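Visitor: Mind having a look at this structure? Questions to follow.
The values are calculated or read from the model by the stated rules, or taken from the named source; none is laboratory data. Computed from a predicted model, the values in this text were never measured in an experiment. Side chains included, ligands, DNA and RNA excluded: accessible areas come from the protein's heavy atoms. Shrake-Rupley method; radii C 1.70, N 1.55, O 1.52, S 1.80 Å.
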Amino acid sequence: MSSQLTKEFLKLKKKFLNGTATPDEIQLLEQYYDLFADETDAIDKLSTAEVEQLETRLKENIADRISEQESKTVPFYRRNLVRAAAILIFVTAGAYFIQSRYVKQWQQIANNKPSKNDAAPGGNKAILTLADGSKLVLNNMQDGDLVTKTGTHITKEDSVVSYKFATANNSQVSYNTITTPNGGQYQLVLADGTKVWLNSASSLKFPTAFTGKNRTVELTGEAYFEVAKNKDKPFNVKTATQTVQVLGTHFNVNAYSDETSVKTTLLEGSVKVSSANGNALISPGQQSVLTPNGAFAIKSDVDTDEITAWKNGMFQFNEADIQTIMRQIARWYNMDVEFKETIPDYTYHGKISRNSNASQVLKILELSGINFTIEGRKIIVKS
């Protein structure tokens, strides 16, 4: 433990024991103990002597923890910064994992005004292409009825497009496509009541009414589905390399062409994922990973909060490399990314609000020791 951290720890311990610590200071002190919760009793059961003994153990174990982690995961900072502070806390207002030593610095970053070379966060933007080829720019349209034709009734309300009363009077199926650009996202309610959240740079092709024995849509990019239950009519999501079949469930499909694999993550129900080389059944909390050669791998105990964070307005990473992080940033801020140098092979974890400007997100990532420069619509990454 650094002398600065030891000094801070002793100060907080003293204030806590004499009853003068503020709620924020008590929360920070709890973070020290939480790191080694398996080695101590609850705080309120510790005597002064036990607290002093705990401090000694903290000094030893933080050093061991840092040594172990240096080759594994760096939480948005490089190792020299972890040595300096070692303790992680969570600042609710800024929605960032940060180090106690840098609280004021991170709060200033969260409140910074956009710089000249910057990009605003994405928003609710999409184009709806109708069966006759006409296009509706949804972000430019007022709430209300968008289209009312025979067999098709489309409405918009609060950035959600709904097919509420779509019917089919003949065997010919009419298809629409909703497309989000880089920096866009949108919500859709299909004719059967299925809810879809579409991430940036994605598209969904779907029928205005579901006829026949199946409900089938085609996806590029990423989407989260809450499928309306219908045991007699399975719901299929087709991508370029796989099909996901469900009866009624909640799941996320990440099928971006620039990612290393296609990932299907199940939150509720059950799904069957099929490709040219086989199929896989997954249960809640599991994720199927389809590699470029068509092979399936199943991951269990997946952090579903991380997978669906984009839908809830957050970037969230758990052992993600910088390339993965930058692909998400590029899509959301509609920017290109160029790596000027070889970046150290670190992995990162933490949360950042997707409502922040690009410069704010990059300043947070810069505490890892990586440098970013914005030139027009391009982010340049250097070590």
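Visitor: Apply the Karplus parameterisation 6.51 cos²θ - 1.76 cosθ + 1.60, with θ equal to phi minus 60°, to every residue of the stretch 260-267 and state each ³J(HN,Hα) to the nearest whole Hz, in sequence, with x for glycine and proline.
Guide: Values, residue by residue: 7, 7, 9, 10, 10, 10, 9, 9 Hz.
Visitor: In whole Hz, with x marking every Gly and Pro, tabulate ³J(HN,Hα) for the stretch 141-147 from phi via Karplus 6.51 cos²θ - 1.76 cosθ + 1.60, θ = phi - 60°.
Guide: Couplings: 9, 6, 5, x, 5, 9, 9 Hz.
Visitor: Follow-up. Using only Cα atoms, locate the centre of the stretch 248-298 and the centre of the stretch 336-383, then give the distance between them in Å, rounded to an integer.
Guide: Spelled out, the Cα-based centre of one part sits 29 Å from the other.
Visitor: Can you compute 3J(HN,Hα) from phi for each residue in the stretch 298-312, using the Karplus curve 6.51 cos²θ - 1.76 cosθ + 1.60 with θ = phi - 60°, rounded to whole Hz and x for Gly and Pro?
Guide: Computed from phi, the couplings for the stretch 298-312 are 10, 9, 9, 6, 6, 6, 5, 4, 5, 5, 9, 4, 4, 5, 9 Hz.
Visitor: Pop out the carbon and sulfur fraction of the accessible area of the stretch 134-267 as a percent, whole number, probe 1.4 Å.
Guide: On the stretch 134-267, the fraction of accessible area on carbon and sulfur atoms equals 46 percent.
Visitor: Using the heavy atoms of the protein chains and a 1.4 angstrom probe, tell me the accessible area per residue for the stretch 160-271 in square angstrom.
Guide: 41
Visitor: Measure off, as a whole percent, the carbon and sulfur share of the 1.4 Å-probe accessible area of the stretch 290-383, all protein chains present.
Guide: Carbon and sulfur atoms account for 40 percent of the accessible area of the stretch 290-383.
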